Structures are given as structure tokens and as C-alpha cells.
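Values quoted throughout were computed directly from the atomic coordinates according to the rules given, and no laboratory measurement underlies them. Nothing here was measured: the structure is a model prediction, and the numbers come from that model. Methodologically, a virtual Cβ is constructed for each residue, glycine included, from the backbone with ideal geometry; neighbour enumeration extends over all protein chains shown.
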Amino acid sequence: MSPRVAIVMGSASDQATMGLAAETLGALGVEVEIRVLSAHRTPEALREWVDTLETRGVRVIICGAGGAAHLAGAVASLTTLPVIGVPLVSPNAIAGGLDALLSTVQMPRGVPVATVAVGDAGAANAGILAAEILATGDELLAGRVRTMREGMAAKVLAG
Ligand code: RP5
């Protein structure tokens with residue numbers, strides 16, 4: 001099977017957090033492709049990679065970056081596939097990642113990025129959201145997403 005979700009991050013230093021998106025999708029049985037590419041440091045390679053995604057069967061793109069986090073917006077500017085942005089806490093983050101949150105979420109009208117929470121929770125939720133998008137056309141996957149949600153509820157109720 002070819003990957004249906006592509007995960008891209010701005011630096012190898014983002015890997016620990018963005019790995020949670022990949023793990024979450026793996027637990028739901030969704031194949032992913034993972035790349036490190038930067039909107040600022042490797043803009044041409046980023047464009048070339050994005051140009052290949054739709055024809056290779058990718059349906060959702062997850063982008064994680066910190067600081068002046070333009071990666072998700074840059075990717076969204078190059079494709080009409082749904083883009084999920086994960087703001088990350090970079091070593092020089094302002095206000096715990098508020099810099100990355102605003103850089104990711106404040107897209108101009110017409111070019112959306114579905115922005116999730118900063119850091120680990122956001123990365124995991126990006127994986128779940130990508131699966132939910134795919135599940136609108138995949139009943140088996142929809143069942144696995146429901147089971148994951150029920151598992152969470154059971155844990156809370158078990159105290
Ligand atoms: C961003 O700058 C990356 O996404 C990362 O979160 C942050 C720091 O990158 P490095 O300097 O560690 O490569 O572009």
C-alpha cells in the first residue's frame with residue numbers, strides 16, 4: 001500500500017514530537033511517509049516533494065515546525081490536499097510556542113491550515129485528525145478511530 005498521509009517537519013530536532021503523529025497513525029493502521037524539509041532552508045526541495053504527493057496517493061499532509069513556523073502554510077500554498085499544522089516548541093520559543101502557533105494558524109483567507117495544539121498533544125491529535133479525514137471514505141478505518149475513542153473513555157471512567 002502507498003502512504004495515505006505524509007508527515008513533514010522542519011528539522012530533525014522536531015522528530016521526537018512529530019513521531020507521535022506517526023505512532024498514532026500506525027496504531028490506526030494508516031501507512032505514512034515521513035520527511036524532514038524546511039520552508040526556509042530547503043524551499044525548492046519542499047516544492048518538488050509536495051508536487052509528487054497527490055499522484056502518489058497521499059490524501060492528507062501533516063506539517064510540524066517551530067519558531068517562525070511557515071512550513072504548513074508553505075505546503076498549503078502548493079497543494080489543495082488538506083494540510084494539518086502542528087506548532088512546535090523550538091529551543092528559542094517565545095511563550096512556550098506561541099510564536100509557532102500564530103505563524104501556523106494565521107493563514108490568509110483562501111489557503112487554510114487546520115492547526116492543532118502546540119507540541120505533543122497537537123502532534124498526536126494531528127494523527128487522529130488525519131485518520132478521521134481518511135475515515136470519511138473508509139468504514140474500516142472509521143471503526144478503528146471509534147474504538148480508539150472508546151478506549152480513551154474507558155480509561156477515564158476506570159479512574
Ligand atoms: C524550525 O526551527 C524547525 O521546525 C525547528 O522546530 C526549529 C529549530 O530547528 P533547528 O535549528 O533545531 O534545526 O524550522
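Across segment 105-159, how large is the tail of the calculated P(r) beyond 14 Å, expressed as a percent of all Cα pairs? Intermediate values should be presented prior to the final figure.
Numbers: 981 of 1485 pairs.
Counting pairs separated by more than 14 Å, the tail of P(r) holds 66 percent.
Averaging sequence separations of C-alpha pairs under 8 Å and six or more residues apart, then dividing by the length of the chain, give the relative contact order as a whole percent.
Numbers: 304 pairs, mean separation 37.0, N = 159.
Relative contact order of the chain: 23 percent.
Can you list residues from other chains, or at least 5 along the same chain, whose modelled amide H is less than 5 Å from the amide H of residue 115?
Sorted by chain and number, the residues that satisfy this are 85.
If I build a Gaussian network model for the chain, linking alpha-carbon pairs within less than 10 angstrom, which residue out of 22, 45, 69 has the largest mean-square fluctuation?
The residue with the greatest mean-square fluctuation here is 45.
Suppose we flag trypsin sites (Lys or Arg not before Pro) only when DSSP calls them loop and at most 12 other Cβ atoms lie within 10 Å. Which is the longest uninterrupted stretch of the chain?
Between exposed loop sites, the widest span is 42-108.
Please report the relative contact order for segment 81-130, taking Cα pairs under 8 Å with a sequence separation of at least 6, and give it as a percent rounded to a whole number. Before the final figure, lay out the partial values.
On the way: 68 pairs, mean separation 21.9, N = 50.
Contact order relative to length: 44 percent.
Which of these, 85, 64, 137, has the largest mean-square fluctuation under a Gaussian network model of the chain (Cα springs below 10 Å)?
It is 137.
For helix 43-53, what angle does its Cα long axis make with the longest principal axis of the chain, in degrees from 0 to 90 and rounded to 10?
40 degrees
In square nanometres, what is one fourth of the surface area of the convex hull spanned by the alpha carbons of the chain?
Values: hull surface 39.6 nm².
Seen from a random direction, the Cα hull of the chain projects 9.9 nm² on average.
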